[in-house]
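Structure first, commentary second.
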Number of protein chains: 2
Amino acid sequence: MKEKFMGLLEQNKLGQLRQEIVNMNTVDIAQLLEELDKKYLLIVFRILPKEISADVFSYVSYDEQRYIIESITDKEAEHIISELFLDDTIDFLEEMPSNVVKKVLKNTDEETRRLINQFLQYPDESAGSIMTIEYVDLKKEMTIKEALDHIKKTGVDKETIDTCYVIGKNRILEGTISIRKIILSDEMQLIKDVMSTDVIYAKTFDDQETIADIFKKYDFISMPIVDKEKRLVGIVTIDDVVDIIEQENTEDLQKMAAMQPSEEEYLRTNVFSLAKNRIMWLLILMISATFTGNIIRKFEDVLQSVVVLASFIPMLMDTGGNAGSQSSTLIIRGLALGEIELKDILKVLWKEFRVSLIVAVVLSVVNFLRVYYLEGAEFAISVTVCLSLFATVILAKVVGGVLPIIAKKLKLDPAIMAGPLITTIVDALALLLYFAMATTFLNI
Amino acid sequence: MKEKFMGLLEQNKLGQLRQEIVNMNTVDIAQLLEELDKKYLLIVFRILPKEISADVFSYVSYDEQRYIIESITDKEAEHIISELFLDDTIDFLEEMPSNVVKKVLKNTDEETRRLINQFLQYPDESAGSIMTIEYVDLKKEMTIKEALDHIKKTGVDKETIDTCYVIGKNRILEGTISIRKIILSDEMQLIKDVMSTDVIYAKTFDDQETIADIFKKYDFISMPIVDKEKRLVGIVTIDDVVDIIEQENTEDLQKMAAMQPSEEEYLRTNVFSLAKNRIMWLLILMISATFTGNIIRKFEDVLQSVVVLASFIPMLMDTGGNAGSQSSTLIIRGLALGEIELKDILKVLWKEFRVSLIVAVVLSVVNFLRVYYLEGAEFAISVTVCLSLFATVILAKVVGGVLPIIAKKLKLDPAIMAGPLITTIVDALALLLYFAMATTFLNI
């Protein structure tokens, strides 16, 4: 694909190239632009038909957007910005250096400039920061026919016409009506008689995660956003919600792997930011692992007399950590999806206890067979190791299951309670148990 | 909310209850039904207006669906099934015991029964298993007016009318047209002249993850599914894709936490299934931790002479494991989102190497200060511990960054290469390094 276009470019067959490109999906055109050498980027962008160039622009990545805006004329920039949906304009401006922002603002009309400045002020990750203004608004006194005419007149510039929003005095949101309902209704009916008044909406300062949860619950395609006075100010559409869902999942994963969450793509993040996001948690966990070390030091004489005990420490610690992470991961995910609630803490405790009993029995028996028969360890040592393993697995699963719920109760993020922190807690508990049993069973 | 409805139910004020309910969103009605006592469930379900009862039914969970179908008459069941979208019918039938399936099939017409049987045969997680048949199909020779009339006649039963699908001879998919375009076009134009022919579609046997990736890339609301002969057989809609995205994310998380993936909700899964999903990986990892134990046993004499060395093992192992998981998590996520590709392996290697250098220097210096000054360890021991830590962090990050890519190259699932497996590999490497340095620096 790319080769074909490169060939046409090198032979300067721009007419033929244009023919090929206009039949492509805009997302694919954007991808092609990203793959081309910079020197061809502008040539291809400029031969795009005017009606799709803004759409293609919204899909190329920030580096290319910046390069395009910096290279084109003011008039060309004006055209792109006037055609872009406002949410795409905001997304892109937030990532641009000030010279690009200035060039963009200089080439927009006053009204758009005012809106851009207003939208840029909504906090990151709020409904306001992801909404757009290209929706269809109808008046409740309109007839279906008038509504259809209104849509025909204005619909071409809207991000979605699937749901139209019905506003009353002072732009107060009063209802919604789907395009399906409009098409299927009698032309002379009034909007207010067919619209749905049970409107589910969000406020500009609501968190984007809340918005995503509402979309998931009600299977929405779009949703109205209102200000404090319930005036309609924008809509959020499902394509942005899908991005939010992936972004929130990525952040949860990063927290569970003991990193500060970051929105940046890995390959586009510089080495120092990557290191910065990782160091703090590694330091915290390294220092807390000192406690584990202190426990070993306290029992140095036990190790001195039966040094083989040291060789089972990695197995105990790893198995405990893994068992705990399994439980915490399931609970954290359940909390995130709303499948588990705070009030379920006792149910989780009881469930994890029973699961851990089964798991602990199987692991201990297999381990005993291995240690006693295969490795030929002493009987007392084998028993010590297996009982410690048994207790560790149960503790790990109960702690791993309950800690995320407690974290959420304390308004902490359950995800940071996952893997590494559980591991550190379980390590210490496992070693204490191990040495306690060793001193008891081995008479040291 | 629930209390109010319970009150009305207990006083048998069903008329008033119905008034309250009809203004609610169907998802909220379904949630209310789930919260009610079983004895009231059927009463409330039966007072629902006929036109929304099937919709509510599709949103209650499987337990309640089963209870409802088992309790209602054949005629009532027939009505629900005829009103349900086919994908919801399939979802629900797949979870039901055979007596419920029989009752449902007995009460459907022949054509629906044939479709149900056909759809139940598509493999789990294939496009066929999530698609539905309630789409609008248009003929390319139709005028816009004819198309609109067709939509008015049939649209009320369709899952979406936002995009209509244009078919030619033998139902071959030839184009798509959005409802927006239909409304905005001149009534006398022909569909074939305004439809978009660059149709992106998938096949019935394509994996649902592939479908989700296409939706994310192109910001689709719906997408056509065709059979081997490119005949249109169904569509997939965004609400199901959102569920797939969450499900795939859950599965990845479970694999990364060393569990067999499962679709079941935690609280609805029984203890034995939960244990079964966890035991296998714990066993594998427990036994592979034996190697780590063997390394310690091989260096028993080293530990015997400087037993304090044992107390640093947990810190080394934990920090190595955490450092490795950080890298593997970022890479696995990047691969899943398509941000990192196989060809980026050298870029990742180089990036992780530089990040790990920064991280390793910071951690080693802090650790040296702590071990040498705070804990008052011998100089040679402090140096041994810190150099081992330094090398471990670098190894852990490089292995953690590269292993998931290698796994993907070998067509293995990168997610199973995460956390636990990396930890086990890094543990062994860390101990080998540690004892090698100890024997060198401490002259043992």
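Structure above, values below:
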item	result
Selection count where residues are under 26 Å from residue B:88 (Cβ atoms), more than 10 Å from chain A (Cβ to nearest Cβ) and without any contact (Cβ under 8 Å) to a residue 24 or more places away in the chain, scope segment B:155-202	1
Candidates B:266, B:218 - the one that is facing chain A (nearest Cβ under 10 Å), out of contact with any Lys or Arg (no Cβ under 9 Å at 6 or more places or on another chain) and of a type in the set (Ser, Thr, Tyr)	B:218
Residue check for residue B:297: charged (D, E, K, R), in contact (Cβ under 8 Å) with a residue 12 or more places away in the chain and either at the interface with chain A (Cβ under 8 Å from one of its Cβ atoms) or out of contact with any Gly (no Cβ under 9 Å at 6 or more places or on another chain) (or both)	no
Test for residue A:73: is it exposed (fewer than 13 other Cβ atoms within 10 Å of the Cβ) and more than 30 Å from residue A:196 (Cα to Cα)	yes
All positions within segment A:313-331 that are in contact with a Pro (Cβ under 6 Å, 6 or more places away or on another chain) and either of a type in the set (A, V, I, L, M, F, W, C) or more than 7 Å from chain B (Cβ to nearest Cβ) (or both)	A:328, A:331
Unique residue being in contact (Cβ under 8 Å) with a residue 12 or more places away in the chain and under 30 Å from residue A:427 (Cα atoms) when the list is A:205, A:291, A:220, A:215	A:291
Restricting segment A:117-145 to residues that are more than 14 Å from chain B (Cβ to nearest Cβ) and among the acidic types (Asp, Glu), the residue that is surrounded by the fewest Cβ atoms within 10 Å (Cβ to Cβ)	A:124
Segment A:309-352 - residue that is in contact with a Gly (Cβ under 6 Å, 6 or more places away or on another chain) and either of a type in the set (Ser, Thr, Tyr) or on the phi > 0 side of the Ramachandran plot (or both) and, of those, surrounded by the fewest Cβ atoms within 10 Å (Cβ to Cβ)	A:311
Subset of segment B:198-213 (residues that are hydroxyl-bearing (Ser, Thr, Tyr), assigned to a loop (DSSP other than H, G, I, E, B) and under 21 Å from residue A:238 (Cβ atoms))	B:201
Search result, residues across segment B:407-424 that are more than 21 Å from the chain's Cα centre (by Cα) and free of Cβ contacts under 8 Å to residues at least 40 places away in the same chain	B:410
Subset of segment A:285-308 [closer than 28 Å to residue A:372 by Cβ and buried (at least 23 other Cβ atoms within 10 Å of the Cβ)]	A:292, A:296, A:303
Subset of segment B:136-162 [hydroxyl-bearing (Ser, Thr, Tyr) and at pLDDT 90 or above]	B:143
Unmet criterion (only one of (1) surrounded by 17 or more Cβ atoms within 10 Å (Cβ to Cβ); (2) touching a Ser or Thr at 6+ places or on another chain (Cβ under 8 Å); (3) among the aliphatic types (A, V, I, L, M)) for residue A:21	(2)
Residue among A:385, A:348 that alone is among the β-branched types (Val, Ile, Thr) and within 25 Å of residue A:439 (Cα to Cα)	A:385
Some residue of segment B:162-176 being part of a helix (DSSP H, G or I) and more than 34 Å from the chain's Cα centre (by Cα)	yes
Residue check, residue B:355 surrounded by fewer than 17 Cβ atoms within 10 Å (Cβ to Cβ) and either charged (D, E, K, R) or farther than 15 Å from residue B:315 by Cα (or both)	no
Segment A:332-365, residues that are under 14 Å from residue A:252 (Cβ atoms) and facing another protein chain (nearest Cβ under 7 Å)	A:333, A:334, A:337
Flag for residue A:171 being under 18 Å from residue A:134 (Cα atoms) and not polar (S, T, N, Q)	yes
Subset tally (residues that are buried (at least 18 other Cβ atoms within 10 Å of the Cβ) and either touching a Leu at 6+ places or on another chain (Cβ under 9 Å) or among the aliphatic types (A, V, I, L, M) (or both)) for segment B:182-193	3
Segment A:53-69 residues that are among the basic types (Lys, Arg), paired with ones that are surrounded by fewer than 17 Cβ atoms within 10 Å (Cβ to Cβ) (beta carbon under 9 Å, 6 or more apart)	A:66/A:95; A:66/A:97
From the options B:181, B:192, B:276, B:216, residue that is assigned by TED's automatic domain parsing to the domain that holds residue B:403, outside any loop (DSSP other than H, G, I, E, B) and either within 19 Å of the chain's Cα centre (by Cα) or of a type outside the set (A, V, I, L, M) (or both)	B:276
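The values are calculated or read from the model by the stated rules, or taken from the named source; none is laboratory data. Model, not experiment: these values are computed from the prediction. FYI the Cβ positions are ideal-geometry reconstructions off the backbone, even for glycines, and counts take in every protein chain you see.
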